[in-house]
Each structure stands twice: as structure tokens, then as C-alpha cells.
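The values are calculated or read from the model by the stated rules, or taken from the named source; none is laboratory data. These numbers were taken from a predicted model, which means no experiment stands behind them. Glycine gets a Cβ as well: all are built from the backbone with ideal geometry, and neighbour counts include every protein chain shown. Quick note on the areas: whole protein, heavy atoms, side chains included, nothing else; ligands and nucleic acids left out. Shrake-Rupley method; radii C 1.70, N 1.55, O 1.52, S 1.80 Å.
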Amino acid sequence: MHITFCCADTRPEPWLEGLRNALPGATVSEWHPGDAQADHAVVWSPPQQFLDEQPGLRGLFNIGAGVDALLRLKLPPDTKVVRLDDAGMSVQMAEYVCHAVIRHFREFDGYEADMAEGRWSFRKPRSRAEFPVGVMGLGVLGERVARALRQFEFPVHGWSRSARVVEGVHGHVGVAEFDGFLNACRVLVNLLPLTPDTRDILNRHTLSRLQRGGYLINVARGAHLVDEDLLALLDSGHLAGATLDVFRTEPLPREHAFWGQPKIVLTPHTSARTLREESIAQIAGKIQAMERGEPIAGVVDPVRGY
Ligand code: NDP
Ligand code: OXD
């Protein structure tokens, strides 16, 4: 069995070594143009040439959860596209989102500023009931985030395409229940995949439906958010702030208005990192299962877009 590796912005050696250890007997190599046909590929943002030259792949294993960049390419028709299924990402995402929600709710940014100026002052405790949190997307990451927020006793609402039952979380389903979901929330967390249905979904119209003093946490993809609409709603005061981990252009260009906006906390697409060991173990296990003819989790539906 031949596994080829084609991952942009990723040092290949540790991945090749890890895959060789996990799949003894397999030939594992970094892809170069003109290489022979492989059986499976481990990829991140591969060039179209790679896919054109590898039409017989049985599995195309993406070393991330989001497959939007991959699905923009012309894929071999019979290849299974497989995304990372947690692999250590959901706990990181839960940490990141809970940190952002709590930092805002408890006004730790204000306390930091006060203490930096030598000011010993208290703020009035706020009520959790006045900070209902909405999680868009109740998949592998969104469900974990919603459960973690419930542990801190925030009222939590979730929105998904099909009905999802998560204990203690008020579920809202599909387009018909989207406005009701937004109206019920003050803090909004985006964990949707980027698809034609969800591109630009965080815009003036939808963000205006959040309760006054709303707060946005975007940890999914930059193209979910209409940047100018967020800036306008921060200026008008309808939104109190935002924490953004993902951007339309990454790295975020130096001249972008987000850099100078004090109500926005920025991080460099780091909320849930791909963990090499966990990812290799998961991918190797799935390759072995596929070779035995068994079903695997995390197979992407290219029509649905995730
Ligand atoms: P999943 O595929 O497991 O979950 C997606 C969820 O979104 C599902 O609940 C799905 O509904 C819902 N959904 C999809 N389309 C719609 C729609 N049109 N309307 C309503 N709900 C919809 O994905 P993950 O949880 O694993 O990952 C989510 C995203 O997080 C990734 O696609 C990626 O973009 C981003 N990500 C960001 C990272 C970072 O570091 N910033 C790291 C990892 C991922 P249903 O349950 O009905 O199918
Ligand atoms: C992912 C990401 O999709 O890191 O896994 O954004």
C-alpha cells in the first residue's frame, strides 16, 4: 500500500515518520509531481495538479476538520474525502470559547486595564441569565463547546441543520428557526462549516438580531463574517465586542481595520490546532479500517459541503 503526503505549510518529516510507524508495511512518501499513483493521501490545501495526477486514490485524508478549501478543487469522483474527527481539537475549542465567553462576561479585560493603571475597583456582578450563548453548528466541535458552556451554567442555545439533542441545550433547527435562535442569544459562537449556505452568514441582518450588547466569537472560517457589518455594529453599540480567530485573508493584512478596533480580540487561527500524534493515529486507524472494507467516521459529503 502506498500513502502519499501533500500538505502545504507543514514540515513533512515528522508526519512521514509517524505514518510509517503507524502503518508498518506501507510505503509512505512526500508527493512530487510525476509520482506513481498512491492508494491513499494525507493532505492539506493540495494543488489541483496533485489531484489531477492521483485519480485512483481510495482515501483523501484532510489534516483538519474543515474541508472548504479541498472542496473548491476538482476531486477524483471515486475518492472518499475524510476530515479529522476531533483528534484532540474539541477540547481545545472548548477551552478557547469558554475563555472568550468568560473573559467578556466577567469583564476581565476591564479589570486588566484597571489594574494596569493601579486602580483597585469592583464591577457589579452580572447575571448569567442575561448572557445566553448561541452555538451555530452542533457537530463534533460545537457540541463539545455547548456542553462546556453548560458546565459554567450559561443558558445555551444550539443551531444545526438537522435536529440534535444535547442535554441542557435548547436546540433550534434549520432556516425556519434561525431568527428565533438569534433573538434568544446575546453571545454568538460560530462553529459552522464554510459551505455555499453558510458563507457571509454573520452579517448586518443576522448580527442585528442578537440581543443588545451582543458579542461574537468566530472560530470557524473568516468568510462566514462580513467584516464591514461587524465593524458597523460595533460602532453603533449594538454589539459590545468580538473575539475572532479566523479571517477572510490569513495572515490578517496589516492594513485591516480589525487591528485597530479595541473591541475586537484577535488570535491567529489557533483556537483548535491539528495535533500530529492524535491525527496520525486517527488517519492510520481509518486507512486500516477502509482496507478491511469497514465503514469509517468523518467521510465528507461533497454535495452537502461538509
Ligand atoms: P461538523 O461537520 O462535525 O459539524 C458541523 C455542524 O454545522 C453540524 O451540526 C451541522 O448540522 C451544522 N451545519 C452545517 N451546515 C449548516 C447549515 N446550513 N445550517 C445549520 N447548521 C449547519 O464540523 P466540526 O464541528 O468538526 O467543525 C466545524 C468547523 O470548525 C469546521 O468546518 C472548520 O471550518 C472549523 N474549525 C476551525 C478551527 C480553528 O482552529 N479555528 C479548527 C477546526 C475546525 P448537522 O448536525 O445537522 O449536520
Ligand atoms: C481545521 C482548522 O479546519 O484548523 O481543522 O481550521
Problem set entry | Cα-only Debye scattering, the chain: base-10 log of I(q)/I(0) at q = 0.07, 0.10, 0.13, 0.16 Å⁻¹ | -0.31, -0.61, -0.95, -1.27
For this session: Give me the angle, in degrees from 0 to 90, between the Cα long axis of helix 140-151 and the longest principal axis of the Cα atoms of the chain, rounded to the nearest 10.
Result: 30 degrees
Exercise. Tell me, what % of the accessible area of the chain is carbon and sulfur with a 1.4 angstrom probe?
Worked result: 52 percent
For this session: Run through every distinct alpha carbon pair of the stretch 151-215 and return the Kirkwood hydrodynamic radius in angstroms, one decimal place.
Result: 12.6 Å
Exercise. Where the only charges are on Cβ atoms (+1 Lys, Arg; -1 Asp, Glu), what is the dipole of the chain about its Cα centre, to the nearest 20 debye?
Worked result: 860 debye
Problem set entry | Gain in span if fully extended, Arg58 to Ala240, counting 0.36 nm per residue against the direct Cα distance | 60.7 nm
For this session: With a cut-off of at most 13 other beta carbons within 10 Å, and DSSP calling the residue loop, which GluC sites (Glu not before Pro) in the stretch 107-160 qualify? Please list them.
Result: Glu117, Glu153
Seminar exercise, completed: Normalised per residue, the volume inside the convex hull of the alpha-carbon atoms of the stretch 1-160 in Å³ amounts to 164 Å³
Exercise. With every protein chain present, what is the per residue accessible area of the chain (1.4 Å probe, Å²)?
Worked result: 49 Å²
Problem set entry | Candidates per trypsin sites (Lys or Arg not before Pro) in the stretch 85-125, loop by DSSP, up to 13 other Cβ within 10 Å | Arg106, Arg119, Arg123
For this session: Have a look at Tyr215, Ser121, Leu191 and report the one farthest towards the positive end of the charge dipole of the stretch 89-266, computed about the Cα centre with Cβ charges (Lys/Arg +1, Asp/Glu -1).
Result: Ser121
Exercise. Convex hull over the Cα atoms of the stretch 74-151, averaged projected area in nm²?
Worked result: 8.4 nm²
Problem set entry | Per-residue HN-Hα couplings for the stretch 77-94 [Karplus 6.51, -1.76, 1.60; θ = phi - 60°; Hz; x = Gly/Pro] | x, 9, 8, 7, 9, 10, 9, 5, 10, 6, 6, x, 8, 5, 5, 5, 5, 5
Exercise. Considering the Cα trace of the stretch 89-266, what is its radius of gyration and what is Dmax, both in angstroms?
Worked result: 15.8, 51
Exercise. What number, rounded to the nearest 500 deg cm²/dmol, is the helix-based mean residue ellipticity at 222 nm of the chain, given -39500 (n - 2.57) per DSSP H run of at least four residues and division by all its residues?
Worked result: -9000 deg cm²/dmol
